[in-house]
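Coordinate-derived values only; no laboratory data. Everything numeric in this text was worked out from a predicted model, so none of it was measured. Cβ: placed from backbone, ideal geometry, glycine included. Neighbour counts: every protein chain shown.
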Amino acid sequence: MRITNPTILRGYNRDLNRLLTQKTACERRITSTRKFSRASEAPLSAAKALNVRRSLYNSEQWQENLKTANKFYTEAETSLLQVSDKMAEIREILVAACNTTKDSQDYAIYAEQLENSAKKLVSIFNTDSAGRAIFGGESDNGLPFTLENDSSGNLATVLYHGVPVNSMSSYKGFPYSNAVTVDIGLGMDIDQKTQEVDPQSVLDISFNGAKITGCGAEKGTADINLESIKVGRKYCIDVYANSIKKTIEFTGGATREETVDTINNALKAAYSKEVAYDKLKQPTMDECGVIYSDGSIVSAVNNEYSTTAEKLVVDNDAGYTNKFKLNFASMEENKIYSIDVTMGEITKSIKFTAANDADPETRENNTIKNVQDALDDAFGKDVNGHSLVHISTNPVTKGCFSAEGAVVKVQDSMKMTGTNVKGATVYSKYFDQIDLVKLNAGNTYTIKVGTTDITFQGGKTTAETLNNIKAAAAGFTVTNPTGDKQSVSFKTGDDYETISEVKNPPSGSVAITPTKGSTYKVDLASIGEEREYSIKVIYGNRAKVVSFEGSADTAKTVSNIQGALSVAFGLDGVHNKINIDDEGNITTYDGNPVAVTSMEQGSDKDASAVQRDKIYSDNYIQLTIDAARALRDGDIDYANGCIDRIVDANEHLLVQIADLGCNEDFIDFNLEKLTTRDLNLMERQNDLEVTDAEKEITLWKTYEALYNACLQMSSSVVPNSIFNYIK
Amino acid sequence: MRPTFLGFETQRRTLMLAQKNQDIVGNNISNINTPGYTRQRVDIYSMYVSGLGEPRWSSRSNMLSMQGQGANAYGVSQIRDTYIDKRYRENVSIESETETKINVLSDIEDILDNFETTGLQRKTQDFWNALQDYSEEKPDSTEVATIAANAAVNLCRMLNDYSSQLKQVEDTYVNELKDNVEYVNKMLNEMRELNERIEKEKFHYAEEYGPNELYDEMNLYIDELGTYGEISVHQNANGTYDVTMGGVKILDGIAQKNSQIIMKEYDIYGTAELYFQNGQDVILTRGSFKAYQDMINGNGVYAAGGQNSNYGIAYFKSAINMFARTVADTLNTANGADNDSFRAMFVSATEDSLITAGNIRVSDDWLEDPTMIGKVRYFNEKTGLYEYGFDEKSDTPVTKIKYEQAYETETNADGSIKYDADGLPVPKKDANGNIVYIPGSRLRDKDNNLVPVYEKNADGSNKLDANGKPIPVYETVDGTASGTVNLQNTNVKYLFSQFDNKNIEFGYCHDFTGSYFEYISFISNRLGQTIEYETSRNETAKVTVDELLDSRDSVSGVQMDEEGINMLNYSKWYNASSRMLTTLDDMLDKLINGTGRVGL
């Protein structure tokens, strides 16, 4: 090979240039801290680096998401711990309330406390975190929990997103029950067709209030106030039966029957499919406006979306309610029972006979018929001939009382009514009592105390009666412990004796004598002081039982009777329709005939003829409210029953708090996992992208040395030739 | 009989030869740094004078008298290895081709960079992050929704920018190619002119000799032409050169034909296409012309018409377009734009054209209502269509007043609608006396109010309520957006889940199936790998070219020592020859002046 000068020079140049290129590239890697600045410099590393970057970006976002979720979980946990404290408080109040006998005022105070606790619970569950109601499920629209009052202003119903909590036993049926989720890098799986997210693949950051506070009850019914429905108007209500929500619409009918039919048809149309497939009993409305479905909870609310439809009054009777029903099981055949029925502001005492029949259904139906008759007598009917106070004959709501547009309360009569009392009411949990007020003057009564029969006569005053009893009850210490006129107790030695039987003496009656024409006269002389009397006044097609209190002063008695008559029959313009004069003559203002009879008085038993719908809600806020209402009504048994349930609910709550804790652990775990992964990824990114400084600097030093050496060589690159030596 | 002055003649020639050799040594040394210079040498031979003629002065018996006539030279030749030239030109064409390709691809890579600057990956990622943030909020949270929309705007802008920058790169290289074509054409003209000179000069030379310097010049041209494409070279007897490129003789001695390369009007054809003057396409397997065509027309799987399947500017333009179109199409579809064009998130800036990186933009519908994507799709069983609203569960029926359906109306002479006494339009009846209803349209009265349907009595009159007002008929329609907003921002989740869908097909030619990010990575990889491939080709070619240059130098280059030795040699030769003359002179002197003068 001939080595020529151009060869040497070109080679030198090329190599020098290559060294400079490498040296510069090396410098660039050091100054830019990057192994490569273009993918082409290291395609494989670049491809990997892009993946690593993506993973890092994702991880960053998921950590943010987890932090957001953590905030919600922490707040939820804090809230639930508060709730747990509050529930312990509720339990204490209930225990204190149920422990000893209190008077109604004390119960009212306890009830008030419970209601306050319920309100606090609701406010906790309406907690707002950064503009989001934590326990509102997927809704952020206002407050998830609301409380509804009954007509007397007491708390009655807890609603979650406008739906009574008792109405469904599945929390998923409530509005806004879908989960709000965040992607935390578990590989979010979203259906491409339905857009549904697989809950396993994301983190739920919503809390369903209905799930946490509980929902549903054993059963329940919904009351539609038929009286509030106007003819020809549109109504739209949401009915929840067995957790199936249907919106039904109907137009108010011309008559109540028409409306009931319309609603039933609408219900049938709405639920026919579900009835066929889900074995749901068809929800039906009875003639009282009660919607029921056998064995399941029914509730109804006005449809909030309906803008054009009228609102109507809907009451839900799931849980502890004001709904009273006849206690068929406790009734003895052919016995006469007396109950006090309050419709709105008006309280009436009615009597009825428990029917006698071998077939229990017929027996019950006949009893109901008797009660309805008595109710109609007492409260009358409206212009359309409908009873103002109903007692239901429907299989599910059988024996339930209801009234149009008013709250009905029913209880066993506390006072003997009428002028012909055959027995004394005996009631008390702690000691036996004879209601002195209910005893008539001159009548003879026999009571059985322990095994001893004691016969005594009613006195003109309660004090006189008490003295009569004391005189008759030899061997007993007769006391009037509470000082009121209703409690008399019999004590032998240290033991109180039970009054086990009341034997009824022969009956007498208040002297009502027909006077001339169609007027009747009340024998004012026969009326004793501080006694309750009832007379039946039949006027036109209305028969009413008018109750009044007797007084020693006949003018006062007359005034009482007049007051009661006015309440029962009302005014005709400015005049009372039915009047009584100073002598006891009962006349009508319009001159139409009136018939007055004295009331037959049945035997009262210690067994209660009335029972409440005692349904315990699965929601503890509702339960608290129900307990408050029970205390107000003096129903200590029910309140007692609430204690255990509150304790159970609290235990359940603790499980939920533990659940939240688990989720927080899960979040922490994921955060930690992502942080660790980040570290690994960053390490990988370093490996892939960041200059290995030691290596590069060493390399650079080498290049620099080589380059300098190369430059040093430059003076001798062009070699000496023979010309340097020839002369 | 030997001629008396034979020796003088021989030495005269020798002196001349020595001097000429010295001249060529000088010429070689002078041209040691001249590009394209090929070392020369004097072709010397030993003189022989034939006795076959009529040498009146020669001995018949033998050739003795004519022997020893010294040396002579045929001419000055070049030392060149045509095989090395051929190989050199092959490899230099590859070197030049790959260099051009690397230039183009590097320019593209500078634009599509994901590493040093904020690239497509980051912008796409930002968009994903913004959607994630939005998905955690209520769908009606306008602020976060706006951030998401802005992230999309930024992504679009980057794509627009990519598109215009790629267009600039394309323009740059199209112009470069035009310049190169012009340059080559000029060069071919010069080469032809050179051929003419060579022919004229060659006339004065012996057959195997010619104008060496002109040959060197021609070879320089040929070497340069070799960088543009594969060529083959042939030298004619008259000294001129023929050059064939891509099977077409573009230099044919002094003939003026096919000597031009023509480029099709790029603006018209959209591809860079070259053809020879004879109409034949320029189809090359190497060289920078091929590089330009590959890079400008290379459209990978999308190649059509004059394009080829290389990964050139056209391909990366297509790839970016495909990215823009696919992202837009998949997200639009996910957002329900297939059924309702108002749901489109991305649109083309130019109407009725496919979305490309150049024209992609965020739709006005989205910009005006950033929460548009937060509205949820649900299936309305009544209409059989998917509809949209914030409230996912909007199946709550709404009771509304039912309105009368519109019908065709009678008109007055002036074309206005004729109204009856109640202010209702008078219906126009068809041949059968029936009212012609207009489906999907509601009737309006004189005051342009909608007319409710009223409940009727049996006699057809309106049923009146207690206040004497007609009772409207109500109808229940399936609820649409009820105004309440759920937190569950499912549609946005659905949208960002599209980013992880690994089954998206990019392009209509099965170029790539995967996710958005995988595609970005894919483009980056393809570009990087193409550059890497061309770089390695370039390096190989370079090394070979260097080796061949060395080999060529080894044959044709001037070697200083060699020339020095020759110089000394020729100098001594000259001295010896001069000395010979002195000796010959002495000999003649003896003969002429010393002979026959014995005793003088």
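Brief remarks follow.
- Cα lying deepest toward the dipole's positive end in chain B, options B:Gly300, B:Gln277, B:Val76, charges on Cβ: B:Val76
- With neighbour counts taken as other beta-carbon atoms within 10 Å, the residues B:Val92, B:Val174 rank, fewest first, as B:Val174, B:Val92.
- Mean Kyte hydropathy of 0.0 or more with a Cα span along the axis of at least 15 Å, helices from DSSP in chain B: B:313-334
- Computed FRET value (nearest 0.05) for A:Leu20 with A:Glu672, which takes r as the C-beta separation and R₀ as 51 Å: 0.55
- Max-minus-min Cα coordinates of the range B:398-477 on each principal axis give 42, 28, 28 Å, with the largest extent listed first.
- Principal axis dimensions, largest first and in whole angstrom, of the range A:82-159 by Cα: 46, 30, 14
- Put in line by how crowded their Cβ is, counting other Cβ atoms within 10 Å and starting with the fewest, B:Arg89, B:Arg442 read B:Arg442, B:Arg89.
- With a simple spin-label model that places each label point 7 Å from the Cα along the Cα-to-Cβ direction, the separation between A:Ser129 and A:Asn116 comes to 2.9 nm.
- When the pairs A:Lys348/A:Lys521; A:Lys86/A:Lys673; A:Lys172/B:Lys375 are compared against a 26 Å limit on Cα-Cα distance, A:Lys86/A:Lys673 fall above it.
- The sum of -39500 (n - 2.57) across all DSSP H runs of n ≥ 4, divided by the residue count of chain B, sets its helix-only mean residue ellipticity at 222 nm to -15500 deg cm²/dmol.
- FRET efficiency estimate (nearest 0.05) - Cβ-Cβ, A:Glu310 to A:Thr554, R0 56 angstrom: 0.60
- All other residues whose Cβ lies under 15 angstrom from that of A:Glu361 are scored, Lys and Arg at +1 and Asp and Glu at -1, for a net of -1.
- Value of relative contact order over the range A:222-316, rounded to a whole percent, pairs C-alpha under 8 Å and six or more apart: 40 percent
- Over all Cα atoms in the range B:90-174, the spread is summed up by Rg and Dmax: 19.1, 68 Å.
- Normalising by residue count, the range B:141-260 has a Cα convex hull of 110 Å³ per residue.
- When the P(r) is computed for the range A:19-116, the part past 17 Å accounts for 74% of the Cα-Cα pairs.
- Of A:Cys710, B:Cys156, the sequence from fewest to most neighbouring Cβ atoms within 10 angstrom is A:Cys710, B:Cys156.
- Using the Cβ of A:Asp678 as centre and a radius below 11 Å, the other residues enclosed give a net charge of 0, where K and R count +1 and D and E count -1.
- Local net charge near A:Val239, Cβ-Cβ under 9 Å (Lys/Arg +1, Asp/Glu -1): +1
- Mean separation of Cα contacts under 8 Å, 6 or more apart, over the residue count of the range A:104-213: relative contact order %: 22 percent
- Spin-label model, B:Gln168 to B:Lys429: label points 7 Å out along the Cα-to-beta-carbon direction sit 7.5 nm apart.
- The calculated pair-distance distribution of chain B uses every alpha carbon pair, bins of 10 angstrom beginning at 0, and gives 3, 11, 13, 12, 11, 10, 9, 7, 6, 5, 4, 3, 2, 2, 1, 1, 0, 0, 0 percent.
- Farthest toward positive dipole pole in the range A:154-313 [+1 Lys/Arg, -1 Asp/Glu at C-beta], among A:Ile224, A:Val298, A:Phe174: A:Ile224
- Excluding same-chain neighbours fewer than eight residues apart, the aspartates and glutamates reachable from A:Lys614 by a Cα-Cα span under 14 Å are A:Glu218, A:Asp317, A:Asp626, A:Asp633, A:Asp635, A:Asp637.
- Spin-label pair B:Asp110-B:Asp420: with each label point 7 Å from Cα along the Cα-Cβ axis, the two points sit 8.0 nm from one another.
- A Stokes-Einstein calculation at 25 °C with viscosity 0.890 mPa s, built on the Kirkwood radius of the range A:222-316 over Cα pairs, returns a diffusion coefficient of 188 µm²/s.
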